[in-house]
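Heads up, the thing below is written out as structure tokens.
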Amino acid sequence: MRIENCRAKFLICFLMSLSFQVKAQETIEKPIVIFGDSTDQVDRGFTGQTINEKKMKLYQHTDVQRALKQTSGVYVREEDGLGLRPNIGLRGTNPDRSKKIVFLEDDVLIGPAPYSAPAAYFTPNMNHVERLDIYKGFSSSHIGPNSVGGAINYITPHIHNDGTLNYSQFSYGSFNTMNAKLGSSGTLPFGSYLVEGSHLSTDGFKTVDGGS
């Protein structure tokens, strides 16, 4: 009886070991697939999501919160006004005054005190932003110690180095929203230049009691 029990236990252990080896072999043989928009993103250890120039021109968002909603893991809390006071959170962090993320413009910190007192109602004018780079979690660790929640990098328009480029843009919409933009970029004998001017106004989407 004991011999039969030992044989049964040995047979069970043998089958379990064989099954584990087969599963391990199947796991090893599965191909590893890396997703990325370019080889540059795959080579870098710190990559984030990008709202590229094409999307920015297509939707023409003047509110950074609406632009950021095109990416995953972004949480916003709107206040009075259209994009004047962004409350942005990344990957579930507290969106109150965007205090858990770091703002940069062309890779330069733009907050008044980005690490000691990061909470601030501030955002660059979206009329002068060509691209948005969003870094979440570990991908933002190279920016600074307060960027555990993430970081947002505003990329301004690049300088046109092939002759001269003059451009204009005008739009009018709901709530008497008017957005006008003029710009010129080109090269000179001693360098390059980029000049832009814009005007953005709206009545807003809320009416405050008392007429304020």
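The values are calculated or read from the model by the stated rules, or taken from the named source; none is laboratory data. Everything numeric here is computed off the predicted structure, so don't read it as measured data. In this analysis, Cβ positions are derived from the backbone assuming ideal geometry, glycine residues included, and neighbour counts consider all displayed protein chains. Each accessible area value is taken on the protein alone, full model and side chains, heavy atoms only, with ligands, DNA and RNA left out. Shrake-Rupley method; radii C 1.70, N 1.55, O 1.52, S 1.80 Å.
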Practice problem: Collect the residues in segment 177-212 that are β-branched (Val, Ile, Thr) and either farther than 30 Å from GLU79 by Cα or within 28 Å of the chain's Cα centre (by Cα) (or both), keeping them in residue-number order. | Solution: THR177, THR187, VAL195, THR202
Quiz item: List the pairs whose first member sits in segment 187-208 and is within 26 Å of GLN169 (Cα to Cα), whose second member is open to solvent by 60 Å² or more (accessible area, probe 1.4 Å) and not hydrophobic (A, V, I, L, M, F, W, C), and whose Cβ atoms are under 7 Å apart, counting only residues at least 6 apart or on separate chains?
Solution: THR187/ASN161; SER192/ASN161; SER198/ASN125; THR202/ASN176; ASP203/ASN176
Quiz prompt | Residue selected from segment 184-198 under the condition modelled with pLDDT of 90 or more and hydrophobic (A, V, I, L, M, F, W, C), by the criterion surrounded by the fewest Cβ atoms within 10 Å (Cβ to Cβ) | solution = VAL195
Self-check item: Single condition VAL208 does not satisfy, out of (1) open to solvent by 40 Å² or more (accessible area, probe 1.4 Å); (2) part of a strand (DSSP E or B)
Solution: (2)
